[in-house]
Amino acid sequence: MTRRPSRTALTIVAIVVVLAGAIFFAGYQLMKRTEPFVLGEGCTITVASGTLDLDLEQSQVAATIAAVAARRKLPKQALEIAYITAIQESKMTNIAFGDRDSVGIFQQRPSQGWGTVKQIMDPVYATRRFFAALEKVDGYLDMSLHDAAQAVQRSADGGAYADHRRSAEILATAFRGEQPRAVHCWYPPKESPPPPQDAAAKKEFTRARGASREDWLKATWFVTHAPVYGLRQVVHDGYVWTASAGQDGWQPVKER
């Protein structure tokens with residue numbers, strides 16, 4: 001004879017199920033709130049030819065180099081040359097030290113006429129000077145990327161630039177805006193975020209690129225610089241990136 005569960009036992013089971021569900025829901029909500037902190041901060045660059053992970057500063061430098069190249073109407077190959085150089089010289093970070101008096105993203109030397117330390121530590125200025133020197137290299141577009149980089153930098157080991165060709169191609173495709181939604185970034189939100197500095201962000205972007213139409217290069221620059229200027233979201237071409245859910249990347253704009 002099969003004994004049926006008592007009413008007390010069924011009640012206990014029901015309570016356990018309800019509590020388990022409540023605990024799971026609370027845990028899920030906590031995980032969603034803390035997810036940005038767990039993930040830390042960074043950017044992912046994804047194009048058809050591959051994926052790269054960069055930190056925020058590297059992504060900001062990459063976006064700035066692309067903006068300056070666009071202002072000068074330079075071809076993709078010139079941008080790739082700049083990228084392999086910046087990766088090799090500074091890992092695309094704006095460092096205030098280096099070999100002898102070298103500083104900045106391209107490790108340019110004040111003693112060799114690249115500018116003052118203060119000027120070279122400005123990524124926009126440093127990139128302009130790099131491209132100005134590159135454009136003076138006769139036939140640089142017919143050279144290999146690393147030979148062109150070496151012609152500008154005159155490094156002790158010019159062959160090392162060649163190691164970064166694949167990364168440079170991915171970066172150039174993404175930051176030129178050739179592939180939509182190729183770059184997204186995330187970072188922990190501040191407890192008391194400052195008001196968005198939209199005007200300051202637009203002014204700095206214009207300093208790098210000049211007057212421009214709305215495109216993915218511009219949208220990408222604003223995403224990478226969002227934490228600098230407290231930007232909450234970036235909208236372009238029917239998609240939106242939001243700082244509160246940066247790890248989710250670009251999402252379709254919801255129709256109201």
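Here is how the numbers come out for the structure above:
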{"quantity": "Test: residue in region 13-36 that is surrounded by 15 or more Cβ atoms within 10 Å (Cβ to Cβ) and at pLDDT 95 or above", "calculated": "no"}
{"quantity": "Test result for residue 208, touching a residue at least 40 places away in the same chain (Cβ under 8 Å) and either touching a helix residue (DSSP H, G or I) at 6+ places or on another chain (Cβ under 9 Å) or more than 20 Å from residue 251 (Cβ to Cβ) (or both)", "calculated": "yes"}
{"quantity": "Subset of region 134-150 (residues that are open to solvent by 30 Å² or more (accessible area, probe 1.4 Å) and either among the aromatic types (Phe, Trp, Tyr) or part of a helix (DSSP H, G or I) (or both))", "calculated": "135, 141, 142, 146, 147, 150"}
{"quantity": "Among (1) part of a helix (DSSP H, G or I); (2) open to solvent by less than 30 Å² (accessible area, probe 1.4 Å); (3) not small (Gly, Ala, Ser), the one test that residue 57 misses", "calculated": "(2)"}
{"quantity": "Residues that are without any contact (Cβ under 8 Å) to a residue 24 or more places away in the chain, open to solvent by 70 Å² or more (accessible area, probe 1.4 Å) and assigned to a helix (DSSP H, G or I), drawn from region 95-133", "calculated": "111, 112, 117, 118, 119, 129"}
{"quantity": "Within region 151-164, tally of residues that are open to solvent by 60 Å² or more (accessible area, probe 1.4 Å) and within 30 Å of residue 181 (Cβ to Cβ)", "calculated": "1"}
{"quantity": "Residues of region 217-228 satisfying the condition of being of a type outside the set (D, E, K, R), within 26 Å of residue 74 (Cβ to Cβ) and open to solvent by 20 Å² or more (accessible area, probe 1.4 Å)", "calculated": "222, 228"}
{"quantity": "Total residues in region 181-203, condition in contact (Cβ under 8 Å) with a residue 60 or more places away in the chain and over 28 Å from residue 146 (Cα atoms)", "calculated": "7"}
{"quantity": "Residues of region 165-191 satisfying the condition of being touching an Asp or Glu at 6+ places or on another chain (Cβ under 9 Å), buried (at least 18 other Cβ atoms within 10 Å of the Cβ) and not aliphatic (A, V, I, L, M)", "calculated": "169, 177, 181, 184, 185, 186, 187"}
{"quantity": "Any hit, region 151-166, residues being outside any helix (DSSP H, G or I) and either touching a Phe, Trp or Tyr at 6+ places or on another chain (Cβ under 9 Å) or among the β-branched types (Val, Ile, Thr) (or both)", "calculated": "yes"}
{"quantity": "Residue match in region 230-248 (condition: crowded, with 16+ Cβ neighbours inside 10 Å, in a loop (DSSP other than H, G, I, E, B) and touching a helix residue (DSSP H, G or I) at 6+ places or on another chain (Cβ under 7 Å))", "calculated": "yes"}
{"quantity": "Candidates 224, 206 - the one that is modelled with pLDDT of 95 or more, within 17 Å of residue 59 (Cα to Cα), out of contact with any His (no Cβ under 7 Å at 6 or more places or on another chain) and among the β-branched types (Val, Ile, Thr)", "calculated": "224"}
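The values are calculated or read from the model by the stated rules, or taken from the named source; none is laboratory data. This is a predicted model, so every value here is computed, not measured. Every residue, glycine among them, receives a Cβ derived from its backbone with ideal geometry; neighbour counts consider all protein chains shown. Please note that ligands, DNA and RNA were not included when accessible areas were found on the heavy atoms of the full protein model with its side chains. Shrake-Rupley method; radii C 1.70, N 1.55, O 1.52, S 1.80 Å.
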